[in-house]
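K.L.:
There's a structure below that I have some questions on.
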Amino acid sequence: MYNSTIGRWFHNCVMRNRHERRIRAGLTLHHSWVDKEIFDFNTVKVKIVPLGRTNYSYFMQDTATGDLAVIDPGDHDYLVSIANNYFHCPISIVLLTHKHWDHSAGIHQLRKTYPNIITYASSKEQIPDITNRVGENDSIHFGNTLIRVIETPVHTKGSLCFFIQPDAAPGILFTGDTFFIGGMGAYFEGDIKDACRSVSKINALPDETYMFPGHEYAETTLKYAQFLQPTNRSLLKKVTWVVKRRARYMMTIPSTLREEKSYNPFLRIYDTTFYPVLGVSHYLGAISKLQEWRMRRRNEYKNIELKIYPESN
Ligand SMILES: [Zn+2]
């Protein structure tokens, strides 16, 4: 579905419907309930762009030079509208975390709109309209900012995360569909060893890093996390926050790696205190049990009710 022509057609229909609804409601394309959500990281700024039902694209702007990047352009019209009306400048580069349509559908048109645009994706994935192919530890120069490429193959074999360490501000990590708040994406093209390598790379980044994932999935992923860790206080605190946010249709991103390392079960596979829950004694056992249980025991956790825990505040 995420690779096929029919998947692309379906994704484009969802985008078109969204635009038409906005126009009928008297909104221009760049109006959004996250218009004020600019995250200021001193030398760069990040703006979150919700697309479709659950997708997130992102703008990142270099503060000194004004250069504008888009991460995962799942659409064209909406993103160009924001670039024109909000940032008042062209998009100069695209960073693609992986090949799926809901993250990449806008690239072809963006190259037509901005003939000089540079588009980056993994050298291990066959994606049309990519000008620059990158791999592990490559550095992308963007204005005065350096973007580090981290290969995290498991969702797809060319999945990438992008890490930025601004001056005098916390780090920024775009994780696509590899890591979500409280969970990991599906392992479509990787095995548990790939997953472990990906986890260890993310765990090595500073705790203060802000994580920006590719989807609004917290209400789903946190059910599995809570099923495994019903008394984890930092998890219950996060659940409480998420429930309050979603009651007002607000997004639950970003998260920090400090938080994620404390309750995201996939980021806890090197934490031996977590092993008794899974009945394992090694990180390979932990990741394979997590992967097995999230499929096989779905009926046991899919109906868990996320709620507000007053004592967790
Ligand atoms: Zn995907």
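The values are calculated or read from the model by the stated rules, or taken from the named source; none is laboratory data. Values in this document were obtained by computation on a predicted structure and should not be read as measured data. Methodologically, a virtual Cβ is constructed for each residue, glycine included, from the backbone with ideal geometry; neighbour enumeration extends over all protein chains shown. The protein model used for the area step is the full one, side chains on, heavy atoms only, and it has no ligands, DNA or RNA in it. Shrake-Rupley method; radii C 1.70, N 1.55, O 1.52, S 1.80 Å.
K.L.:
Of everything in region 275-313 that's within 25 Å of the chain's Cα centre (by Cα) and of a type in the set (F, W, Y), which residue is surrounded by the most Cβ atoms within 10 Å (Cβ to Cβ)?
P.N.:
Top of the filtered list is Y283.
K.L.:
Also, quick follow-up: Which condition number does I82 fail, the rest of (1) within 16 Å of the ligand (Cβ to nearest atom); (2) surrounded by 16 or more Cβ atoms within 10 Å (Cβ to Cβ); (3) over 16 Å from the mean Cα position of the chain (by Cα) being met?
P.N.:
(1)
K.L.:
Additional query: Quick check, is Y249 at pLDDT below 95, open to solvent by 20 Å² or more (accessible area, probe 1.4 Å) and hydroxyl-bearing (S, T, Y)?
P.N.:
Yes; evaluated as a whole, the condition is true for this residue.
K.L.:
Scan T145, T113, T131 and give me the residue that is open to solvent by less than 30 Å² (accessible area, probe 1.4 Å) and out of contact with any Lys or Arg (no Cβ under 7 Å at 6 or more places or on another chain).
P.N.:
Selected residue: T145, the only one of T145, T113, T131 that is open to solvent by less than 30 Å² (accessible area, probe 1.4 Å) and out of contact with any Lys or Arg (no Cβ under 7 Å at 6 or more places or on another chain).
K.L.:
Take the residues in region 140-178 that are part of a strand (DSSP E or B) and within 16 Å of the ligand (Cβ to nearest atom), then tell me which one is farthest from the chain's Cα centre (by Cα).
P.N.:
The qualifying residue farthest from the chain's Cα centre (by Cα) is E151.
K.L.:
When residues of region 226-237 are filtered for being part of a helix (DSSP H, G or I) and over 20 Å from the mean Cα position of the chain (by Cα), how many remain?
P.N.:
7
K.L.:
Among the residues of region 203-225, count how many are in a loop (DSSP other than H, G, I, E, B) and within 16 Å of the ligand (Cβ to nearest atom).
P.N.:
3
K.L.:
Can I ask one more? Taking only pairs six or more apart or across chains, which ones have beta-carbon atoms under 8 Å, a first residue in region 154-171 that is among the aromatic types (F, W, Y), and a second residue that is assigned to a loop (DSSP other than H, G, I, E, B) and more than 16 Å from the ligand (Cβ to nearest atom)?
P.N.:
From residues that are among the aromatic types (F, W, Y), the pairs are F163/G171; F163/L205; F163/T209.
K.L.:
Right, something else. Just to be sure I understand, how many residues within region 215-231 are free of Cβ contacts under 8 Å to residues at least 40 places away in the same chain and out of contact with any helix residue (DSSP H, G or I) (no Cβ under 6 Å at 6 or more places or on another chain)?
P.N.:
Counting residues in region 215-231 that are free of Cβ contacts under 8 Å to residues at least 40 places away in the same chain and out of contact with any helix residue (DSSP H, G or I) (no Cβ under 6 Å at 6 or more places or on another chain) gives 3.
K.L.:
If you don't mind, there's one more thing I want to ask. Could you grab me the full set of residues in region 116-128 that are part of a loop (DSSP other than H, G, I, E, B), open to solvent by less than 30 Å² (accessible area, probe 1.4 Å) and more than 27 Å from A64 (Cβ to Cβ)?
P.N.:
E125, I127
K.L.:
Quick check on my filter: what residues within region 238-271 are in a helix (DSSP H, G or I) and without any contact (Cβ under 8 Å) to a residue 60 or more places away in the chain?
P.N.:
Those that are in a helix (DSSP H, G or I) and without any contact (Cβ under 8 Å) to a residue 60 or more places away in the chain: K238, W241, R245, R246, A247, R258, E259, K261, S262, R268.
K.L.:
Condition (residue is closer than 25 Å to T5 by Cα, free of Cβ contacts under 8 Å to residues at least 60 places away in the same chain, away from the ligand (no atom under 16 Å from the Cβ) and touching a Pro at 6+ places or on another chain (Cβ under 7 Å)) applied to region 110-128: is it met by at least one residue?
P.N.:
yes
K.L.:
Which of the residues that make up region 179-189 are within 13 Å of the ligand (Cβ to nearest atom) and not in a strand (DSSP E or B)?
P.N.:
Of everything in region 179-189, those that are within 13 Å of the ligand (Cβ to nearest atom) and not in a strand (DSSP E or B) turn out to be G185, A186, Y187, F188, E189.
K.L.:
Do you know which residues across region 85-104 are open to solvent by 10 Å² or more (accessible area, probe 1.4 Å), within 12 Å of the ligand (Cβ to nearest atom) and outside any helix (DSSP H, G or I)?
P.N.:
Result: K99, single match.
K.L.:
Moving on. Check whether at least one residue in region 192-202 is surrounded by fewer than 17 Cβ atoms within 10 Å (Cβ to Cβ), small (G, A, S), more than 16 Å from the ligand (Cβ to nearest atom) and at positive phi, and report yes or no.
P.N.:
Among the residues of region 192-202, not one is surrounded by fewer than 17 Cβ atoms within 10 Å (Cβ to Cβ), small (G, A, S), more than 16 Å from the ligand (Cβ to nearest atom) and at positive phi, which makes the answer no.
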